[in-house]
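All remarks here apply to the structure that follows.
The values are calculated or read from the model by the stated rules, or taken from the named source; none is laboratory data. These figures come from a predicted structure and were not determined experimentally. Here the Cβ positions follow ideal geometry from the backbone for every residue, glycine too, while neighbour counts run over all protein chains shown. When the accessible area is computed, the model is the full protein with side chains, heavy atoms only, and any ligands, DNA or RNA have been set aside. Shrake-Rupley method; radii C 1.70, N 1.55, O 1.52, S 1.80 Å.
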Amino acid sequence: AVIVNEVLASPVAGASDWIELYNTTSRSLDLGGWFLSDDADRLTRYRIAPGTSLPPRGYLLLTEDAHFGNLRDAGCLDPFGLSRDGETVYLCSGDGTSVTGYWEQVTFGPSEPGMTFGRYVDALGGVQFVPVRGATPGAGNADPAAGPIVITEILYHASGPGDVEYVELQN
């Protein structure tokens, strides 16, 4: 029902890492006491504040500076930031002290400054977490980023004499 929708792990100067959550349902959900982490062995690193409600089809943006990396935030139990070299983010339901069952994880790769990774459902219904064309905190994700070099044509089974297999690339 609640997913990690987009992350920024390599902010430009003066900005902060962030994690965006999305409510996929048509009802409000109480996330108070849920947890975020970047460590599978320490899933309770950041506790979402009591009374935090996520509206239907709504977004919640949590930043390193204000939330999961900020010891002044009461929910920051073990501060962390996201690695620009890539890692995994975990979202777990909780009762404020421990994980209660529901959890989701997303893994992303290395990123350039300002590049975000977002949830993308492909043509076959598979879910991918891919680089997107631009950051969209608090809104639907941008299209997946492509390039700078893309495959535009493939002939993988030459059928006649003189035919050759090939891959065409476009910059």
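Among the residues of segment 144-158, those identified as at pLDDT 85 or above and open to solvent by 100 Å² or more (accessible area, probe 1.4 Å) are Tyr156, His157. Can Val106 be described as within 14 Å of the chain's Cα centre (by Cα) and open to solvent by 30 Å² or more (accessible area, probe 1.4 Å)? Taking the combined requirement at face value, the residue does not satisfy it.
Can you say whether Val132 is touching a strand residue (DSSP E or B) at 6+ places or on another chain (Cβ under 6 Å), closer than 23 Å to Tyr46 by Cβ, modelled with pLDDT of 95 or more and among the aliphatic types (A, V, I, L, M), as far as the supplied structure shows?
Details: touching a strand residue (DSSP E or B) at 6+ places or on another chain (Cβ under 6 Å): yes; closer than 23 Å to Tyr46 by Cβ: no; modelled with pLDDT of 95 or more: yes; among the aliphatic types (A, V, I, L, M): yes.
Taking the combined requirement at face value, the residue does not satisfy it.
For segment 8-44, the candidate set comprises residues that are over 16 Å from His67 (Cα atoms) and among the charged types (D, E, K, R); within that set, the residue that is least open to solvent (accessible area, probe 1.4 Å) is Asp39.
For segment 40-62, enumerate the residues that are farther than 18 Å from Pro137 by Cα, free of Cβ contacts under 8 Å to residues at least 40 places away in the same chain and of a type in the set (Lys, Arg). The answer is Arg42, Arg45.
Mind checking which strands (runs of 3 or more DSSP E) fall wholly inside segment 66-161 and carry at least 2 residues that are free of Cβ contacts under 8 Å to residues at least 60 places away in the same chain and farther than 24 Å from Asp17 by Cβ? I'd like the intermediate steps shown before the answer.
On the way: elements: 87-94, 99-108, 116-121, 127-131, 150-155.
Those strands (runs of 3 or more DSSP E) span 99-108, 150-155.
Return a yes/no flag: does segment 64-80 have any residue that is surrounded by 20 or more Cβ atoms within 10 Å (Cβ to Cβ), among the acidic types (Asp, Glu) and in contact with a helix residue (DSSP H, G or I) (Cβ under 9 Å, 6 or more places away or on another chain). Checked against the condition, which is being surrounded by 20 or more Cβ atoms within 10 Å (Cβ to Cβ), among the acidic types (Asp, Glu) and in contact with a helix residue (DSSP H, G or I) (Cβ under 9 Å, 6 or more places away or on another chain), segment 64-80 yields no hits at all. Counting only residues that are assigned to a strand (DSSP E or B) and among the aliphatic types (A, V, I, L, M), segment 1-44 holds 9 of them. If you go through segment 159-171 and pick out every residue that is open to solvent by 100 Å² or more (accessible area, probe 1.4 Å) and modelled with pLDDT of 80 or more, you end up with 5.
Quick one: in segment 45-58, of everything that is assigned to a strand (DSSP E or B) and closer than 17 Å to Asn70 by Cα, which residue is least open to solvent (accessible area, probe 1.4 Å)?
Taking segment 45-58 and keeping what is assigned to a strand (DSSP E or B), we get 46-47, 53-54.
So of that shortlist, the ones also closer than 17 Å to Asn70 by Cα come out as 46-47.
Details: Tyr46: 5, Arg47: 62 Å².
Filtering first and then ranking leaves Tyr46.
Determine, yes or no, whether Gly118 is in contact with a strand residue (DSSP E or B) (Cβ under 9 Å, 6 or more places away or on another chain), open to solvent by less than 40 Å² (accessible area, probe 1.4 Å) and closer than 20 Å to Ala139 by Cβ. Working first, answer last.
Details: in contact with a strand residue (DSSP E or B) (Cβ under 9 Å, 6 or more places away or on another chain): yes; open to solvent by less than 40 Å² (accessible area, probe 1.4 Å): yes; closer than 20 Å to Ala139 by Cβ: yes.
Taking the combined requirement at face value, the residue satisfies it.
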